[in-house]
Amino acid sequence: MPDPAPPWLTIVGIGEDGLAGLGDEAKAAIAAAVLVFGGARHLELADAAIHGERHVWLSPFERSVEAVLAARGRPVAVLASGDPFFYGVGVTLCRRISRAEMRVFPAPSSFSLAAARMGWALQDTACVSLHGRPIDLIRPHLHPGSRILALTSDSDGPAALAALLAESGFGASCLTVLEALGGARERVSSHRADRFALADADMLNVCAVEVAAGEGARILALTPGLDDSLFEHDGQITKREVRALTLSVLAPRRGALLWDIGAGSGSIGIEWMLADPSLRAIAVEGHPERAARIRRNARGFGVPGLSVVEGAAPAALAGLAAPDAIFIGGGGSEAGVVEAALSGLKPGGRLVANAVTTEMEAVLLAHHARLGGSLVRIDIARASPVGRMTGWRPAMPVTQWSWVKPAKQTEG
């Protein structure tokens, strides 16, 4: 069997100290490359070692990926910031290029450098990249006493983060801005979030947040069943207790996609996505005002990636990516909705539908009789004043049908 071809691509992580921070092998790989790709700053940092053609990253980035692929078999070097496999270009390239075709020389990531400056245990610190991503992604991590390292996009990032902390009730948090770590321009300064006044932050910065919560701070609990008052809604919301039970039956699994049909306020899809960053959800809602409200709620809960499809099921389900789980909360009694959901669900996937009306309950009873699954009746009562005393006031009962699609399903 012939020996495998040697790697043709070298990915080199480079810090603000440039070539001084690289080992001999990494510098030799850069010098031997006939093509060197990287950001303008990376190319400047490695200038003295580059002998081949320089290629600044193009926009959109996919154009540069194609250029790297076109050079397969020739000595190519890619320069990256810090660790190429921590929110880095290495992850993108590995989707298209075999690991056997490349060598990688990582440098300390900006998160590692920031943790070292702060004296924080990295394994106990939330590391969030806000570089080119919505700042709302930090919201689920805002818990009293938490430590967060957030990589921002530009010089405006620290001020924007401070403003988010202040308006969310975390204005007393300590926000340390670590700029141009590892280089001659390195600077570290600490500020109270609601008194933030740093006007000239470096483009390259990491923010270290020591979270302090004030009265009324918007804290997103780690368990399902968040308080209804945290959601913007018009009454069309799966109530807290029922939501917690529903999510437990939906049983989120890493990387799974949910269809939330008749999403109302989006509460089910939002809490589904909060369970793990890998989870995805599509909220299907026919009312434009509610669809807009779902988008606002998604941002407010730090899951701006929730996809909202504006339209009524079953027509709005056509062409959507096949889901691993489906929740039907509204509009399920309309003709064809449950049937379309059953058809679209992946084999082995889970469907959960809730009914508060007799019409929807009849639909669920009929499908249970035909397909099996589990039926649960949820009755909840809340204590409320009765004159000068207290009594139990029952909420509308909920009938819940759950069903797992067999690996090989034949609709009858």
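For Ile219, what is the net charge nearby, where nearby means another residue's Cβ is under 12 Å from its Cβ and Lys, Arg count +1, Asp, Glu -1?
0
Return the carbon/sulfur percentage of the accessible area of the chain, one whole number, probe 1.4 Å, all protein chains in place.
It is 55 percent, rounded to a whole number.
So, for region 369-412, what is the accessible surface per residue at a probe of 1.4 Å, expressed in square angstrom?
74
Give the cross-link partners of Lys346 among the lysines, using a straight C-alpha distance below 30 Å as the criterion and excluding same-chain residues fewer than 8 apart.
Excluding near neighbours in sequence, the set is Lys239, Lys405, Lys408.
Among the trypsin sites (Lys or Arg not before Pro) in region 335-412, which ones are in a DSSP loop with at most 11 other Cβ atoms within 10 Å of the Cβ? Mind listing them?
Arg388, Lys408
Run the 1.4 Å probe and let me know the accessible area of Ile326, rounded to the nearest 10 Å².
The accessible area of Ile326 comes to roughly 0 Å².
Report ³J(HN,Hα) in whole Hz for each residue of region 193-201, in order, from the Karplus equation J = 6.51 cos²θ - 1.76 cosθ + 1.60 where θ = phi - 60°; Gly and Pro get x.
4, 7, 10, 5, 9, 6, 9, 10, 5
Between Val91 and Glu25, what's the calculated FRET efficiency when r is the beta-carbon distance and R0 is 30 Å? Round to 0.05.
Computed FRET efficiency for Val91 and Glu25: 0.85.
Count neighbours as other Cβ atoms within 10 Å of each site's Cβ, and list the trypsin sites (Lys or Arg not before Pro) in region 200-265 that are DSSP loop with at most 11 such neighbours.
Of the trypsin sites (Lys or Arg not before Pro), the ones in loops of region 200-265 whose Cβ has at most 11 other Cβ atoms within 10 Å are Arg254.
Which value, in debye to the nearest 20, gives the size of the charge dipole of the chain about its Cα centre, when Lys and Arg are +1 and Asp and Glu are -1 at the Cβ?
820
Please list the non-local residues whose amide H lies under 5 Å from the amide H of Val309, H modeled 1.01 Å from N, same-chain partners needing a gap of 5 or more.
Those lying under 5 Å, H to H, from Val309 are Ala283, Val284, Glu285.
Could you work out [θ]222 nm for the chain from helices alone, using -39500 (n - 2.57) per DSSP H run of at least four and dividing by all its residues? Round to the nearest 500 deg cm²/dmol.
After summing the helix terms and dividing by the residues of the chain, the value is -7500 deg cm²/dmol.
With θ set to phi - 60° and the Karplus curve 6.51 cos²θ - 1.76 cosθ + 1.60, what are the ³J(HN,Hα) couplings of region 40-46 in order, to the nearest whole Hz, using x for Gly and Pro?
Computed from phi, the couplings for region 40-46 are 4, 5, 4, 5, 5, 5, 9 Hz.
When the solvent-accessible surface of protein heavy atoms is calculated with a 1.4 angstrom probe, in what order do Ser109, Ser190 fall, highest first?
Descending order: Ser190, Ser109.
Which value, in debye to the nearest 20, gives the size of the charge dipole of region 275-412 about its Cα centre, when Lys and Arg are +1 and Asp and Glu are -1 at the Cβ?
Here the size comes out at about 480 debye.
Below 8 Å between Cα atoms, with a sequence gap of 6+, how large is the relative contact order for the chain in percent?
With pairs under 8 Å counted, the relative contact order is 10 percent.
Could you tell me which GluC sites (Glu not before Pro) in region 182-233 are loop residues by DSSP with no more than 11 other beta carbons within 10 angstrom of their beta carbon?
Hits after loop and neighbour filter: Glu215.
Between Cys174, Cys127, Cys94, find the one with the highest GNM mean-square fluctuation for the chain; connect C-alpha pairs within less than 10 Å.
Cys94
Give the label of the value calculated from the structure for Rg and Dmax of the Cα atoms in Å, choosing from [x] 26.1, 89; [y] 21.2, 65; [z] 21.9, 72.
[x]
Residues with amide H under 5 Å of Ile11's amide H, sequence separation 5 or more or different chain, H placed in the peptide plane at 1.01 Å from N; which?
Distant-sequence amide H within range of Ile11: Val78, Arg103, Val104, Phe105.
How long is the gain from Ala197 to Leu122 if the chain were fully straight, where each residue apart is worth 0.36 nm and the alpha carbon distance is subtracted?
The span from Ala197 to Leu122 would gain 24.3 nm if fully extended.
Evaluate the relative contact order of region 277-329 (contact order divided by residue number), counting alpha-carbon pairs under 8 angstrom at least 6 apart; express in whole percent.
40
Given a 1.4 Å probe, how much area per residue of region 133-195 is accessible, in Å²?
40
The values are calculated or read from the model by the stated rules, or taken from the named source; none is laboratory data. As the structure is a prediction and not an experimental result, all values here were calculated from the model. As a convention, Cβ positions derive from the backbone with ideal geometry for all residues, glycine included, and neighbour counts pool all protein chains shown. For the accessible areas, the whole protein counts, side chains as well, though only heavy atoms, and no ligand, DNA or RNA atoms are used. Shrake-Rupley method; radii C 1.70, N 1.55, O 1.52, S 1.80 Å.
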